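For reference, the structure is listed below as structure tokens.
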Amino acid sequence: MKELKYVGKRLIREDVYDKARGKTQYTCDRKLEGMLYAKLVLSEKALAEISINTDKAEQVPGICAVYTHKDVPKTKYNPHNWTPGVGAPEDMYILSEKARYVGDHLALVVGETKEAVEEAASLVEIVYREETPVIGLKAARENKENIAFEKESRCGDFGSLPLENLIVEETAGSTQAIHHAPIEPHIALSAIDETGNLVVWTPCQTVFMVRYHICSLLDVPYTKVRVVKAVMGGSFGGKGLSVVEPACAFASWTLKRPVMLYMDRPADITATRRRNPSEMTVKTAVDKDGKILGRFIACDFDGGAYYTNASAIAMAFSKKLFRLYRIENQTIEARTFYTNTTPGGSCRGYGSPQAHAVTEVNLDQIADRLGMDPCELRLKNVVLPGDDDPAGGTNLGDARIRECILKGMEEFHWKEKRAHIREKNTDRYAYGVGMACATHGNGYKGGYPELTNVYAQLHPDGSAEFRIAVHDQGCGTVMTMQQIGAEALHMDPYKIKVYEADTFLSPYDSAGTQASRVTYVCGRAVQEAGEALLEKIKNAAAAVYGWEKNRIEAEDGMLKYPGTDREECRTYGEVSKEYEKKFSRYLHADIEYEPDSNPGVYCAAFAEVKVDKYTGQTEVLDLLAVHDVGQCMNYTLSEGQIEGGAQMSLGQALFEEIGYDGKGNVKSRNFSKYHMINAPDMPKVRSLFIEEHNTDGPYGAKSLGEVVAVAPGPAVANAVNFAIGSRFASYPITPEKVVLWLENKEKE
Amino acid sequence: MLLSCTVNGEKIEKEIDPAKRLLDFLRDDMGLTGVKEGCSEGECGACTVILDNQAVTSCTVYAGQVMDREILTIEGLEKNGELDILQKAFIENGAIQCGFCTPGMILSCRALLMEKPNPTREEIKRAIEGNLCRCTGYEKIIKAVECAVKGEVQ
């Protein structure tokens, strides 16, 4: 393929200069004239009728309002519905009429200073008439009414397989509730602009979704609400659903004053969203050669106290399980239950971290039973380029999981390590290596409305701008778009401005920065807009200078034309100026883009661990992740995604958990109890890329941002199991669990 | 109380409530919003500043405790418009993603280099063990510090 000049290069993002100097203004750093502060008062009980007395709180000097359910619109919404068409049941008010989980939003205190707001929030008196809450899936399953959603997905007929003649391996496992843990807690700022519009600045993932929620709740037309994506201090899916925006907008709209609604860490952990916990059994049938003939999976998700993503998590989970291995007969029964805990929501990987956590351990157990190498077992079964999704999803495209495994085996010295790693064992330490595979998607094609729009312009000073509703979550999305735009336009990426999402300025985008769609869908749209704009620049030059269009070459922001005596050169800026002057036209391109495809993206991760048999602690010594990305956009940014995704996935494997007691109280309300991996516990992560450049994405690229957070966890689980002979498939694999397992083994 | 201290090289005197957190004093009274708040209990390190050459979480220090002491925040790191070598190294090595942990992270590393100009990889990891980051997996941050130590910065 043609050599790329800007895409794939390690270019430095422009936003990091201000971030390194502490100059970047996050929402918490802003102050508007007359701005008020607001804080939500959260439920301390998991299920209770409530009565609230706000008298004392209202008397605190500087307090402007204390709102409860009686004050907010009696309209429900579902913060998961990113367009009206998504249509999941609406069951949430801006402020709840009843407490349904510890953290439920019950009151909103608004005042002149944070001090006043904090004091008043502590003086809001809530009388709870407690009912018995449903905590955890075991309790939820006791009553069918707790089922929020259930769906069976299938291909072939698992039931007709002669299981008695096959090797059948069953694995039961679970994944825990995870906090997204962006270091910036949830926050929003709202104000009324000079012409009476409601403006909301929020570090969100979908401005059009936030606009939809605010407009439907406050009964204000779309045209009067401006939602601006603010600088974001991390999201990981946590800011993917509306959380604080409706209450913030309500207060500002009601009081006609700027309002900043802030959260602290305990609120962020208890009162936003979380990764849905899951419990599943996986039953896989193989022949003696290791060919998978069928699989049956039953999975229950804890959806929390409101519907939010009850259907989406079950379907996203199920979908992925048809797209990694060739399995002709597979049935997946997925259910989501209401419980009285924090509602579920999007979380980096969306269903994939749950799906692969147990199925990948199950595969290692099969390999063990067959006496087969786990990589060899997978190589016999993985999907190949061009495979169809047997459950009717989109074609898998240029699926290169086979290459990921092979390259990983070579780089990791898999066979050698697997054969000899235990030779390092001592009385105290056991060593192991393990691997796991994973798949994820590239947008919503085949599931939900999937389109975006780009408006691109070339200015007389030679700079270009792209308006597209992207939301940089910190991963470098804007830089990626600049590089794509630069490649298409043949110009300096630093002369390209990519404006982030703003409902008053950005053309419509159907789904926001979620579902791993940004590089694949929005990036390709930017490429096409850039190419269309370059065509227009050439057309303009042909008209202005009388050049033959097909002899014009573009390079570095210049058009070059082989004149009669010598080569003629014109900068894009000169062309723009002359074109406007002569023809009353401004150089721009306007693209509506709907992708044709939604292929799979793949990863194979390899881990080496050291298990301390005295303390039960697992140390990850080495992690290698091989990703099928089609084409890297920027190696520095891509490695950053892989290293950060590994931190989250290893956290799920070994440390992180939002724990609840029987009454629904959250035991891990801050980072002292919620154990995120810090630097000393993080292994060096090695990244390798399979780049076959053969997709409909920009310059052959595919997604990366979510799949990175999937395979390292189960790879570590498999390595631990290989090290000590355990069968862990329930996460996190804590020291306590390891010690208990070793003690029980000794007793046997 | 009348607080007198040095902030980013400048001597200041200000009437303050001694029970105010240093974090709030710096952000609200001094306008130094590079100091970030992530957990309010000294666990995430986003609010790290350097107090008399030591990295501290400013959410767990009272303003009343900094009398006659020297405070350095991220805003005070560049000299005459020239970025500190750590700031440059973070920029060049992709050590910054969302950037919310960055000021605290850089200051923890700066405090380390004040004490040990040639730290080992393990010492770098220990220096930032109290600074949480969800974006980077720490690797590029460690590499940035290593580059700064070796002078491998543009």
Item checked: All positions within the range A:131-172 that are open to solvent by 60 Å² or more (accessible area, probe 1.4 Å) and more than 26 Å from A:Pro89 (Cβ to Cβ) -> A:Asp157, A:Gly159, A:Ser160, A:Glu164, A:Asn165, A:Glu170, A:Ala172
Margin query: Out of A:Gly557, A:Gly546, A:Gly640, I need the residue that is touching a Gly at 6+ places or on another chain (Cβ under 8 Å) and surrounded by fewer than 23 Cβ atoms within 10 Å (Cβ to Cβ). Which one?
Written below: A:Gly557
Check: Any residue at all in the range A:704-712 that is within 20 Å of the chain's Cα centre (by Cα) and more than 16 Å from A:Ala436 (Cα to Cα)?
Finding: yes
Next item on the list: Scan A:Gly546, A:Gly563, A:Gly474 and give me the residue that is modelled with pLDDT under 95 and not acidic (Asp, Glu).
Entry: A:Gly563
Check: Among the residues of the range A:6-43, which ones are over 29 Å from the mean Cα position of the chain (by Cα) and either open to solvent by 40 Å² or more (accessible area, probe 1.4 Å) or at the interface with chain B (Cβ under 9 Å from one of its Cβ atoms) (or both)?
Finding: A:Lys31, A:Leu32, A:Glu33
Note to self: Just checking, does the range A:253-270 include any residue being within 14 Å of chain B (Cβ to nearest Cβ) and of a type in the set (S, T, N, Q)?
What the structure shows: yes
Notebook entry, point to check: Out of the residues in the range A:187-204 that are part of a loop (DSSP other than H, G, I, E, B) and open to solvent by less than 10 Å² (accessible area, probe 1.4 Å), which is farthest from the other protein chains (Cβ to nearest Cβ)?
Noted result: A:Cys204
Note to self: So A:Met479 ticks every box in (1) closer than 30 Å to A:Gln527 by Cβ; (2) open to solvent by 20 Å² or more (accessible area, probe 1.4 Å); (3) of a type in the set (A, V, I, L, M) but one. Which box is left unticked?
What the structure shows: (2)
Item checked: From A:Thr281, A:Thr171, A:Thr270, residue being under 30 Å from A:Val666 (Cα atoms), in contact (Cβ under 8 Å) with a residue 12 or more places away in the chain and touching a Lys or Arg at 6+ places or on another chain (Cβ under 7 Å) -> A:Thr270
Check: Which pairs have Cβ atoms under 7 Å, sit 6 or more apart or on different chains, and link a residue in the range A:108-131 that is touching a residue at least 40 places away in the same chain (Cβ under 8 Å) and among the β-branched types (Val, Ile, Thr) to one that is assigned to a strand (DSSP E or B) and exposed (fewer than 15 other Cβ atoms within 10 Å of the Cβ)?
Finding: A:Val127/A:Ser51
Notebook entry, point to check: Is one or more of the residues making up the range A:498-517 open to solvent by 40 Å² or more (accessible area, probe 1.4 Å), among the charged types (D, E, K, R) and not assigned by TED's automatic domain parsing to the domain that holds A:Gln631?
Noted result: yes
Next item on the list: Look at A:Ala65 and say whether it is within 30 Å of B:Gly104 (Cβ to Cβ) and away from chain B (no Cβ under 14 Å).
Entry: no
Next item on the list: State whether the residues of the range A:484-494 include one that is buried (at least 24 other Cβ atoms within 10 Å of the Cβ), closer than 30 Å to A:Gly351 by Cβ and modelled with pLDDT of 95 or more.
Entry: yes
Notebook entry, point to check: What residue, among those in the range A:370-427 that are open to solvent by 70 Å² or more (accessible area, probe 1.4 Å) and basic (Lys, Arg), is nearest to the chain's Cα centre (by Cα)?
Noted result: A:Arg402
Check: Within the range A:482-501, which residues are more than 14 Å from chain B (Cβ to nearest Cβ) and closer than 14 Å to A:Thr452 by Cα?
Finding: A:Ala501
Item checked: Selection count where residues are at the interface with chain A (Cβ under 7 Å from one of its Cβ atoms) and among the β-branched types (Val, Ile, Thr), scope the range B:21-48 -> 1
Margin query: Test of understanding: among A:Phe337, A:Phe296, A:Phe317, A:Phe301, which residue is open to solvent by 20 Å² or more (accessible area, probe 1.4 Å), in contact with a helix residue (DSSP H, G or I) (Cβ under 6 Å, 6 or more places away or on another chain) and not polar (S, T, N, Q)?
Written below: A:Phe296
Note to self: One residue is enough: does the range A:690-712 have a residue meeting the conditions closer than 27 Å to A:Lys138 by Cβ and either in the same structural domain as A:Cys522 (by TED's automatic domain parsing) or not in a helix (DSSP H, G or I) (or both)?
What the structure shows: yes
Notebook entry, point to check: Considering the range A:672-681 alone, what residues qualify as being open to solvent by less than 10 Å² (accessible area, probe 1.4 Å) and in a loop (DSSP other than H, G, I, E, B)?
Noted result: A:Tyr674, A:Ile677
Next item on the list: Consider only pairs whose beta carbons are under 7 Å apart and that are at least six residues apart or on different chains; among these, list those whose first residue lies in the range A:626-651 and is within 7 Å of chain B (Cβ to nearest Cβ) and whose second residue is in a helix (DSSP H, G or I) and of a type in the set (Asp, Glu).
Entry: A:Glu643/B:Glu139
Next item on the list: Test A:Tyr455 against the stated conditions and say whether it is in the same structural domain as A:Tyr614 (by TED's automatic domain parsing), over 26 Å from A:Val282 (Cα atoms) and touching a residue at least 60 places away in the same chain (Cβ under 8 Å).
Entry: no
Note to self: Considering only the range A:456-474, I want to know if a residue exists there that is within 14 Å of chain B (Cβ to nearest Cβ) and touching a Gly at 6+ places or on another chain (Cβ under 6 Å).
What the structure shows: yes
Check: Any idea which of B:Ala55, B:Ala63 is assigned by TED's automatic domain parsing to the domain that holds B:Leu23 and touching a Pro at 6+ places or on another chain (Cβ under 7 Å)?
Finding: B:Ala63
Check: Which residue, of A:Lys229, A:Lys239, A:Lys291, is open to solvent by 30 Å² or more (accessible area, probe 1.4 Å) and not assigned by TED's automatic domain parsing to the domain that holds A:Gly659?
Finding: A:Lys291
Margin query: I'm checking my understanding of the structure. Among residues of the range A:612-631 that are polar (S, T, N, Q) and surrounded by fewer than 24 Cβ atoms within 10 Å (Cβ to Cβ), which one is farthest from A:Gly434 (Cα to Cα)?
Written below: A:Gln631
Notebook entry, point to check: So, in the range A:677-728, of the ones that are free of Cβ contacts under 8 Å to residues at least 24 places away in the same chain and within 22 Å of A:His420 (Cα to Cα), which residue ends up farthest from the other protein chains (Cβ to nearest Cβ)?
Noted result: A:Gly725
Next item on the list: Considering only the range A:703-748, state which residues are among the hydroxyl-bearing types (Ser, Thr, Tyr) and closer than 26 Å to A:Ser235 by Cα.
Entry: A:Ser703, A:Ser730, A:Tyr731, A:Thr734
Notebook entry, point to check: Is there a residue being more than 28 Å from B:Val153 (Cβ to Cβ) and either within 10 Å of chain A (Cβ to nearest Cβ) or surrounded by fewer than 23 Cβ atoms within 10 Å (Cβ to Cβ) (or both) anywhere in the range B:68-75?
Noted result: yes
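The values are calculated or read from the model by the stated rules, or taken from the named source; none is laboratory data. Everything numeric here is computed off the predicted structure, so don't read it as measured data. Virtual Cβ from ideal backbone geometry, glycine too; neighbours counted across all protein chains shown. Ligands, DNA and RNA are stripped out before the accessible areas are found, and what is left, the full protein with its side chains, is counted by its heavy atoms. Shrake-Rupley method; radii C 1.70, N 1.55, O 1.52, S 1.80 Å.
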